[in-house]
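Worksheet for the structure shown next.
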Amino acid sequence: MKSENMVEAVNVYRELSSNGRRLPILRGISFSVASGEWVALTGPSGSGKSTLLGILAGIDKPTSGNIRVGGYEISAQSENNLARFRNQMIGIVFQSFNLIPTMTALENVEAPMYIHPNKRNAQSLAADMLRQVGMGDRFHHLPHQLSGGEQQRVAIARALVTRPQLLLADEPTGNLDSSNSKQVMQVIQEMSRRMNLTVIMVTHDSSVASYADRCLHIMDGRLAEQEPEKPPRFPVNQVAA
Amino acid sequence: MKTFFFFLQTAFVRMRRGGQRNLVALLCVVFGVMSLVAMTTLAKSIEDMLVLEPHEMIGGDLTLDRTDESQISAANEAGLQKLLSDGTISSYTLIDYFTSLGFRLPDSAEMIFPSVGMGVDIEKYPLAGNLTFIDPLNKSLDDLLKEPNGIIITRDLALTYKLKVGDTILLSDLNYGQPLPVTIRGIASDTPNHQGSKIYFSHETSQALTGLGSNANTVLVNAPNPDEVSVQLEALGWRVFTAQQLAEASATREGALAMGLNDIGLLGLLVGGIGIANTMQVLMRRRRKEVAIWKTLGYSSGDIQSMFVAEAALLGLFGSLVGAFLGVLLSLGMVGLFSRITTVLVVWSFSPIEAISGVIVGTMTTVIFAMWAIVATSRVTPQSLLRNEEPGISQIPAGQSFLLGLLLVIPFAAIVVWVLKSFITGLLVLIATIICLAILGAILWLLVFIAEKIFPARNWALVKISRKGLTRRGSSQVFAMVALFIGVFMLGLGTVITESGNQVTGMLTGSAQTENLAIFTSADQEHTVLQVLQQNQIDKYATGHTYNVNQIMIPEVSDSSQSRALFSRSDPGTAVITGAVWGTRPDGAYAYPYTGVSVGSMLQITAADGSLHAVEVVGTFDNGDQLSWPGMNNQFLVSEELGAKLGKVVNSQFYLSIDPERLDVIQSKLGKALPKSTLLSMPDYKMHYVRQYQNLFGFVAAMAGLAVMAGILLVANSVSLAMLERRFEIGVLKSVGYSRGQVIFTQVVEYCIMSLVTSLVALLVIWAILGLSGMINETLSTLLMLPPETAVMIGLAAIILTALAAGWAAWKPCSVSPVVILNDRE
């Protein structure tokens, strides 16, 4: 259900310095995302999509401008505050999964819980989340023992185990074949529905972008909005078990 | 608390799954702690020998001998009795102190030379301190030596020569010649001054040994005020040493040795720590992506530092436990070795405190040396994950770097101070070590840089790649070079000691022209010896005698009287004579060069009959590079006629030159024919010194072995880390057609060049030290040497070990498929 805004970005600029030169990456981006909304960020390579995602995740800071996530102003917070923000309010899914290779699927999903206020139930919550994404029989597998699709599902479980309000996904199907891509998108779709998540997803793939409620198109650091092509919606009971 | 346990759990899991990389780090910790625990345990064992009560060390408060006489007369003893009765002294006991004893088993020709023999009053000795026995237990000296001709030997003699209670040996004082059958009645585990290589017997046995009435030459005294009493005693003609003086000298000597061992242990720990720092630096670099992931999950830099500190601490703990265990075992062996190169009866004891301290220190050191890498890596910026790039780190500001460095140096300095038990010494040692290592590292790196420029590569691509690799590695290679340098240096030094030992003792069997068999006997046995020699057709020999006169004074040199012994020979034998040609001045004396008596000095000799004679020093005598017979380093050599004129015979000698092939047979035959004489072969006598050098080399070799191990470990460490750093490069090389063998070859050549440079420098430094020593002391220039062929062997050994370590460390990483590597860019 769409209600007040989850994300509000006002006049966000991001510049990088390189060899004395200033390189503008984001040039005054302003947008908002309602709570429960699914937004796709599209645009060509080098347009600033990943940079914007990084700022929203609190792992990068804007040069100027304001960003509020869940009512929390993040543009000028300390590193420790941003770390807490990342742990409690958002979940991130990456293109290359980024699971910790020396930890099992269950351990990877437990990892964010040990610095979370709800750490007491870390293992049971992690196990439950893995089951929800269809990885209930892979608890003790190491990442290299899982397929790409399975790794991404573990990554999704890890991103959602802390019950975040906002899910940021950076090309979640970029390293997957079409079959696995479909499965992963279905998982994200289902989980976002169950948890009433706000989703901001970067993608090049129009079929993936069609899962979103709307698209924000970024070109040369600036924003243009366009409606996505609507994909067929899958019934709940066809989510991968 | 749950977070803490999670950190520990992940640390444990990562350690288990870390594979070869963690193994290398673990080995560094094990080595460092093993060195520390072994050396500190050995040092503590030595320090435990330093008794707190000085009078227990010598067995009394004072030890006396006569200034002008070699024996203590009845009148002297009467004087002591008087002091006893008026309370000046509280007790005293006479000692017959021997330094020229030899013994052999009845069925063996080999002579064994204990350091000291002591004839004692078995009811009184020692006045203080302990003479304890391991066999039999719970017996006193009085119990054991009540029977005549019984002796006690110290446990080092029993162990070395496999002697036991009940064995009979033939004991001789080489100054008096006649062997005495004695029975071992007990084995002493410890003596008052903890020195071994001793034989104890009663005064009666002592008199039977020499055939003289009394051999007492030393007195142990207890006194209420030792310092005051010593002044009184000196006025009565006694030479006095207080227990305090002797204890301080011993404490200084043994304290310096203990500190040296602690320093070596700390150096081992430092080398281990450097290895850990190296390993952690690249391990953490390899895990930047992992750190970036943790940060995206909400972990702060502090959380990440805590996590990796837990991992380092766990690694340190496991490594330290293994290292401490090995260190305890190593110390056991080293105490045994140490006891053999000195006469100190060091007792090994397991000290839980040293072992536990080693574990704590090892764990702390691991964390300290890992901290820099951990702090640096915790500054990873995770944005790169969004671009699939290698995560970068924001540099630590200069001020924070300095502060961090200081914070790391301080705890390690505290460790050093704690181990050395002295703040100033600890700081000085640490600072000096760091400076020396830094200078050494800089010099070695510069030389390797030069070697890279000039090493011929021709058209060999692989060698060119190796050369390029040489200068890229930076700090990790420098540390390996320093450790290897120390190893080669110590190995070279150990070899120098052995070579000098071989030189001093010479060949084990002499040539036919060299005197190689001596017969020591009493004057009344001379005729018997001559007969036996005649019966055995031995006509090539020289004779000698030891004469005692009443007094020898040299006014130009000293107001004190000299030793009363004059040594005479029918010919100078192997002695090197300077001054008057032998035989041209039978009325003169030849002085041993180290007496300080110059040619032309006049000796004022009071002969045995009381007459006074002035004898001119007409030359000097020396043994050259030959080992001298016992007694031949007496101060003055005279002709037989002068000796007979001035002194009373105490000992007769015959010096034979026997064909070395027949030496054992002749010695055995003559030994049976002359039961009242002592036969001594030069090979046996030399063996006594060779054994000491062999044991010393064993000790030095053990130390050098540790250092070489450190060097090889750091080489393996450096190669392992280089493999991690160059993973992508290896993938590219293999993808364009280089085989595993070719890639490994480049690594081996690279490290062999490094090892060649390092070994060369180490050997050059040794030669430089030997050269400088030779300039300071001419004798050292002939004694201390490192032959070129030996140096080449040492260098080759170092290079081969390095090659093996590099090959082993590079084997697995070079086996990985290039596709895997190129798809896994980190």
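Bear in mind that the values in this text are calculations on the coordinates, not laboratory data. All values reported here derive from a predicted model rather than from experimental measurement. Backbone-built Cβ (ideal geometry, glycine too); neighbour counts: all protein chains shown.
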Review point. Give me the log10 of I(q) over I(0) for chain A at q = 0.09, 0.16, 0.17 Å⁻¹, as the Debye formula computes it from C-alpha points; what are the numbers?
Key: -0.37, -1.17, -1.31
Exercise for review: Translational diffusion coefficient, Stokes-Einstein: compute it for the range A:1-42 using the Kirkwood radius over C-alpha pairs as Rh, at 37 °C and 0.692 mPa s, and state it as an integer in µm² s⁻¹.
Suggested key: 270 µm²/s
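Roughly what % of DSSP beta bridges within the protein assembly as shown run antiparallel, to the nearest 5?
Working: 95 of 128 bridges.
Taking every DSSP beta bridge with both residues in the protein assembly as shown, the antiparallel ones total about 75 percent.
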Review point. Distance in nm between label sites at B:Q400 and B:Q537, each 7 Å beyond Cα in the beta-carbon direction?
Key: 9.6 nm
Check your understanding: Of B:T99, A:T102, how do they rank once you tally other Cβ atoms within 10 Å and put the fewest first?
Key -> B:T99, A:T102
Practice item. Enumerate the aspartates and glutamates that B:K676 could reach by cross-link, defined here as Cα to Cα under 18 Å, with residues fewer than 8 away along the same chain left out. Key: B:D107, B:E110, B:D173, B:D524, B:E526
Point to revise | the range B:62-222 - share of DSSP beta bridges that are antiparallel (%, nearest 5) | key: 75 percent
**Study point:** For the range B:517-682: Kirkwood Rh in Å [reciprocal of mean 1/r, alpha carbons]
**Key:** 16.6 Å
**Study point:** Förster-model FRET efficiency, 30 Å R0, A:R68 and A:N118, C-beta, rounded to 0.05
**Key:** 0.80
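Past the 27 Å Cα-Cα mark, which pairs from B:K540/B:K669; B:K289/B:K453; A:K49/B:K734; B:K139/B:K164? Display every interim value, and only then the final one.
Numbers: B:K540/B:K669 17 Å; B:K289/B:K453 36 Å; A:K49/B:K734 36 Å; B:K139/B:K164 16 Å.
Beyond 27 Å: B:K289/B:K453; A:K49/B:K734.
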Review point. Exposure proxy check: B:F745, B:F567 ranked by fewest other beta carbons within 10 Å?
Key: B:F745, B:F567
Practice item. Treating the Cα atoms of the range B:102-145 as identical point scatterers in vacuum, please give the log10 of the normalised Debye intensity I(q)/I(0) at q = 0.27 Å⁻¹, two decimals. Key: -1.00
**Study point:** Net charge over other residues, Cβ less than 13 angstrom from the Cβ of B:K645 (K, R count +1; D, E count -1)
**Key:** -3
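What's the longest uninterrupted piece of chain A once you rule out the GluC sites (Glu not before Pro) that are loop residues per DSSP with at most 12 other Cβ within 10 Å? Present the calculation step by step, with values, prior to reporting the outcome.
Working: sites that count: A:E4, A:E229.
After excluding every exposed loop site, the longest remaining stretch is A:5-228.
For A:L16 and A:S78, calculate 0.36 nm times their separation in residues minus their Cα-Cα distance, and state this gained length in nm to one decimal. Show your work: numbers first, answer last.
On the way: separation 62, 0.36 × 62 = 22.32 nm, distance 1.98 nm.
Additional length available on full extension: 20.3 nm.
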Point to revise | When the convex hull of its Cα atoms is projected in every direction, mean area for the range B:198-355 (nm²) | key: 16.8 nm²
Exercise for review: Could you give the spread of the C-alpha atoms of the range A:37-129 along their three principal axes, from largest to smallest, in whole angstroms?
Suggested key: 40, 28, 27
Check your understanding: Restricting attention to the range B:271-353, which chymotrypsin sites (Phe, Trp or Tyr not before Pro) occupy a DSSP loop and are surrounded by at most 11 other Cβ atoms within 10 Å?
Key -> B:F350
Point to revise | Rel. contact order, % - alpha carbon contacts under 8 angstrom, at least six apart, the range B:517-682 | key: 38 percent
Practice item. List the pair-distance distribution P(r) of the range B:62-222, using every Cα-Cα distance, as the percent of pairs falling in each 10 Å bin from 0 up to the bin containing the longest distance, rounded to whole percents. Key: 11, 41, 34, 12, 2, 0
Practice item. Any chance you could get the radius of gyration and Dmax over the Cα atoms of the protein assembly as shown, in Å? Key: 41.7, 135
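Might you report the magnitude of the Cβ-based charge dipole of the protein assembly as shown about its Cα centre, with Lys and Arg at +1 and Asp and Glu at -1, to the nearest 20 debye?
On the way: 78 positive and 85 negative charges, 1347 e Å.
Computed charge dipole of the protein assembly as shown: roughly 6460 debye.
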**Study point:** For the range A:108-161 and the range B:269-306, distance of Cα centres in Å
**Key:** 24 Å
Study note, to complete from the structure: Percent antiparallel among DSSP beta bridges confined to the range B:134-246, nearest 5, equals 60 percent
Study note, to complete from the structure: Per-residue Cβ contact counts at 10 Å, fewest first, order B:C814, B:C28, B:C436, B:C752 as B:C436, B:C752, B:C814, B:C28
Check your understanding: Hey, what's the Cα Rg ratio for the range B:314-449 versus the globular rule of thumb, 2.2 N^0.38 Å?
Key -> 1.45
**Study point:** Evaluated over the range A:95-189, the Cα radius of gyration and Dmax, each in Å
**Key:** 12.4, 38
